[in-house]
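Input: a single structure, listed below in structure tokens.
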């Protein structure tokens, strides 16, 4: 949702958040295509790291007062679940 992104003037953080979010399913897909368990786990760990990066961007946006506490909490709750799923995949 474009309207859910931070307002103008925060293109750098918006871009970082977008790239970290896009990286997650791409890394999972790449891992799913690997033959060995260690190689799969490495890609799932990369996806987990991208989820953590997304959470860090939300932290920055909230600390700067760019997003509401409600939006921050919703994003953090979702990413907590995502990180837990990625951890189990590894």
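Label-to-label distance, residue 88 versus residue 12, with points set 7 angstrom from Cα along the beta-carbon direction: 3.8 nm.
Compactness check for the stretch 11-89: Cα Rg over 2.2 N^0.38 Å is 1.18.
Once the C-beta distance of residue 56 and residue 36 is scaled by a Förster radius of 30 Å, the resulting FRET efficiency is 0.50 to the nearest 0.05. The helix-based estimate of mean residue ellipticity at 222 nm for the chain, built from -39,500 (n - 2.57) per DSSP H run of four or more residues and divided by its residue count, is -27500 deg cm²/dmol to the nearest 500.
Since every read-out is calculated from the coordinates, none of them should be taken as a lab result. Values in this document were obtained by computation on a predicted structure and should not be read as measured data. All Cβ positions, glycine included, derive from the backbone under ideal geometry; neighbour counts span all protein chains shown.
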